[in-house]
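Asks: This is the structure, below, for whatever I ask next.
The values are calculated or read from the model by the stated rules, or taken from the named source; none is laboratory data. Since the structure is predicted, the reported quantities are computational estimates derived from the model, not experimental observations. Cβ atoms come from the backbone with ideal geometry, glycine included; neighbour counts cover every protein chain shown. Protein only, heavy atoms only, side chains kept; ligands, DNA and RNA dropped before computing areas. Shrake-Rupley method; radii C 1.70, N 1.55, O 1.52, S 1.80 Å.
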Amino acid sequence: MSEGAHLRQPEAGQPDASHKAILYLEGLNVSFDGFKAINDLTLYIDSGELRCIIGPNGAGKTTMMDIITGKTRPNSGQAWFGQTVDLLKLSEPEIANAGIGRKFQKPTVFESHSVAENLELAMHGNKSVWYSLRARLSGEQQALIDATLHTIGLTDHYHQQAGALSHGQKQWLEIGMLLVQKPHLLLVDEPVAGMTHQEMERTAELLTSLAGKHSVVVVEHDMDFVRSIANKVTVLHQGSVLAEGTMDDVQNDQRVIEVYLGE
Amino acid sequence: MFITRILQNDRGGQIMLAVLALVLVLVPVLNLLVPEGNFLHMPTYLVTLLGKYLTYALLAVAVDLVWGYLGILSLGHGAFFALGGYAMGMYLMRQIGDRGVYGNANLPDFMVFLNWKELPWFWQGFDMFWFAMLMVLLVPGLLAFVFGWLAFRSRVTGVYLSIITQALTYALLLAFFRNEMGFGGNNGLTDFKDILGFSLQSDNTRMTLFVLSGLALAGGYLLCRYIINSKLGRIVVAIRDAESRTRFVGYRVEHYKVWVFTVSAMLAGVAGALYVPQVGIINPGEFSPLNSIEIVIWVAIGGRATLYGAVLGAILVNYAKTVFTGLMPESWIFMLGALFVLVTLYLPQGLAGLVQQFQAKGWLQRRAAA
Ligand SMILES: Nc1ncnc2c1ncn2[C@@H]1O[C@H](COP(=O)(O)OP(=O)(O)OP(=O)(O)O)[C@@H](O)[C@H]1O
Ligand SMILES: [Mg+2]
């Protein structure tokens, strides 16, 4: 570290993004039974950035998120959260508690719990066993739940079982779960699948409003949606970065056009 | 009040505990106050039989906690029950003192028979009631903790976990069969005389044990309901429904599993400890893998993830077992199997589910009539 680094010590719980980037993926490789799903992938996400990741089916987008969140271990490579947190050494809950939240491609909510309980469970805070036995919702937490329900438009579904929600509502609920988790880095896998045009616009608004204070990585197939939110787009293909730049750059890139037309 | 708050949304539990309270009052009256010969008199053997059912019910509640709510199909809970039973049995053996066949005040009969000269280290302290009671909780608890820690940390789940719980109880069965283990081998521990100085043959002692079994069931039930109502309970159900999702919101799933598994094992141990003085014997047969499977069947028949269903299932199935093994001893196991198949096919929510269905129907009819 450079001189005087101690003066810039991150506050507790904050990832050390003193070198601009919050996420470092370097030289990652993953193979499933010999098939290379991730192939020498190198990618940096800046602190406060909103990055879109696109790519054809099977490009390795979800697998990349699996690596970041500890679900899949790479065969080789590095993955760092800020300067100090080696993601490859942490378990899934440790990564979550370090401040990385994730929304899954297939919406996964706790089906037999109510909408509000889903938020309660996802909320940031002490997650130990003995603490949970005695935990009560504080006024502050209750307020956060109410505010979040308002944001995701599910206030009227407070007591409803999450399993009974529509596909789009489950998407929203999962986004809400992500919000109450208060992560520094949000990984959002295909958030608008199954949403109406209006809902898509609200999602776009929400995600852009999060950027700045948070870093957001969005994987999405819907190009209009990507265009509406992205400054910077990364194209993944066969497990590595094919192109990176603004939406226009990327869409005019010859290799990208080939990949998408060849589909 | 604390208890009413725990039972707030638990209709089945309220009814079950009310019936239990009634039974705990009525049975002593019918047994001790109504004179023998009167047709209302309840013979003591029946009291003890009921007491045995109550310990089974507590065991079933313990299994429902891990299976119904945490989603772990334990086919080894009989082992925790038996260990609790052995801890109690060891105390009762020491209580015999010099009244055994060999009249040896320092050694239980079977040790004299084996030509042992002194009490093995792991029998030390069991002459003290409080120590034995501590072991009733600690031994099953510790085994569950170590077993759970190893199994859940390596993320063994589903059928594989069920199989290793069967292996666990089977291994203990084989171990306890060996005379060298020092637990009475094949014969187990028996010929008990008294507990805390009270004769186990007396009506009063038997009644006390019956009432204690009922109180233990009520206490165990309330404890489990309290756990399930807490945030911890909601996390446990989340683990059952979407284990990996629970990890991604930051919960250490294996800690939760080990905790619940250990609590459940301790409850099973308490049930075993109350069972042994009432039936008068504990032997390695209690570790039989089949026993553990039977417990799961009680819970399935009563209705999973309701707690009171487990109580209902344990008592009804064991009552049926008492009746049918009296009539045709060989056919019971087939009947139990058939019952299990029928329930899984036609009553996936068990008897508790059936009750809930009727309630829902009645409600609809009343609404339609209105
Ligand atoms: N656990 C696994 N075992 C075997 N193969 C896998 C596994 N996970 C992913 N794959 C394969 O790795 C490749 C990349 O999958 P991934 O899910 O990361 O793609 P994606 O970019 O998210 O695609 P989509 O847009 O369809 O979601 C695919 O060919 C997939 O079949
Ligand atoms: Mg994907």
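Asks: Give A:VAL188, A:VAL256, A:VAL233, A:VAL250 a once-over and let me know the one that is among the β-branched types (Val, Ile, Thr) and within 16 Å of ligand 2 (Cβ to nearest atom).
Replies: Details: A:VAL256 fails: within 16 Å of ligand 2 (Cβ to nearest atom); A:VAL233 fails: within 16 Å of ligand 2 (Cβ to nearest atom); A:VAL250 fails: within 16 Å of ligand 2 (Cβ to nearest atom).
After ruling out the rest, the residue left standing is A:VAL188.
Asks: Of the conditions (1) touching a residue at least 24 places away in the same chain (Cβ under 8 Å); (2) within 16 Å of ligand 2 (Cβ to nearest atom); (3) assigned to a helix (DSSP H, G or I), A:THR108 clears all except one; give me its number.
Replies: (3)
Asks: Looking at (1) assigned to a loop (DSSP other than H, G, I, E, B); (2) within 16 Å of ligand 1 (Cβ to nearest atom), find the lone condition where A:VAL226 falls short.
Replies: For A:VAL226, the exception is condition (1).
Asks: I need every pair where a residue in region A:31-43 that is more than 9 Å from ligand 1 (Cβ to nearest atom) has its Cβ under 6 Å from the Cβ of a residue that is among the charged types (D, E, K, R), sequence separation at least 6 or different chains.
Replies: Pairs found: A:THR42/A:GLU26.
Asks: Can I ask one more? Considering only region B:219-263, state which residues are more than 7 Å from chain A (Cβ to nearest Cβ), β-branched (Val, Ile, Thr) and over 13 Å from A:SER132 (Cα atoms).
Replies: If the condition is that a residue be more than 7 Å from chain A (Cβ to nearest Cβ), β-branched (Val, Ile, Thr) and over 13 Å from A:SER132 (Cα atoms), then B:ILE239, B:THR246, B:VAL258, B:THR262, B:VAL263 are the ones that fit.
Asks: Of all residues in region A:132-186, which are within 12 Å of chain B (Cβ to nearest Cβ), without any contact (Cβ under 8 Å) to a residue 12 or more places away in the chain and assigned to a helix (DSSP H, G or I)?
Replies: Within region A:132-186, A:SER132, A:LEU133, A:ARG134 qualify.
Asks: Looking only at residues in region B:62-80 that are open to solvent by 10 Å² or more (accessible area, probe 1.4 Å) and not in a loop (DSSP other than H, G, I, E, B), which one is farthest from B:PRO140 (Cα to Cα)?
Replies: The selected residue is B:TYR69.
Asks: A further question follows. Which members of region A:44-80 meet the condition of being away from ligand 2 (no atom under 13 Å from the Cβ), open to solvent by 20 Å² or more (accessible area, probe 1.4 Å) and within 14 Å of chain B (Cβ to nearest Cβ)?
Replies: A:ARG73
Asks: Confirm whether A:SER132 is polar (S, T, N, Q) and open to solvent by 10 Å² or more (accessible area, probe 1.4 Å).
Replies: Criteria not met by A:SER132.
Asks: If you don't mind, there's one more thing I want to ask. Got a sec? Which of B:THR44, B:THR55, B:THR4 is hydroxyl-bearing (Ser, Thr, Tyr) and either in contact with a strand residue (DSSP E or B) (Cβ under 6 Å, 6 or more places away or on another chain) or at pLDDT 95 or above (or both)? Walk me through it before giving the result.
Replies: On the way: B:THR44 fails: either in contact with a strand residue (DSSP E or B) (Cβ under 6 Å, 6 or more places away or on another chain) or at pLDDT 95 or above (or both); B:THR4 fails: either in contact with a strand residue (DSSP E or B) (Cβ under 6 Å, 6 or more places away or on another chain) or at pLDDT 95 or above (or both).
Just one listed residue meets the conditions, B:THR55.
Asks: Another question, if that's okay. When you go through A:HIS150, A:HIS221, A:HIS197 one by one, which is the residue that is of a type outside the set (Phe, Trp, Tyr) and either touching a strand residue (DSSP E or B) at 6+ places or on another chain (Cβ under 9 Å) or within 16 Å of ligand 2 (Cβ to nearest atom) (or both)?
Replies: A:HIS221
Asks: Can I ask one more? Before we move on, is A:ALA122 modelled with pLDDT of 95 or more and within 14 Å of A:GLN181 (Cβ to Cβ)? Spell out the reasoning first.
Replies: Details: modelled with pLDDT of 95 or more: yes; within 14 Å of A:GLN181 (Cβ to Cβ): yes.
When the stated conditions are applied, A:ALA122 passes them.
Asks: Checking B:PHE39 against (1) outside any helix (DSSP H, G or I); (2) without any contact (Cβ under 8 Å) to a residue 24 or more places away in the chain; (3) within 30 Å of B:PRO284 (Cα to Cα): exactly one of these is not met. Which one?
Replies: So B:PHE39 meets the others, but not (3).
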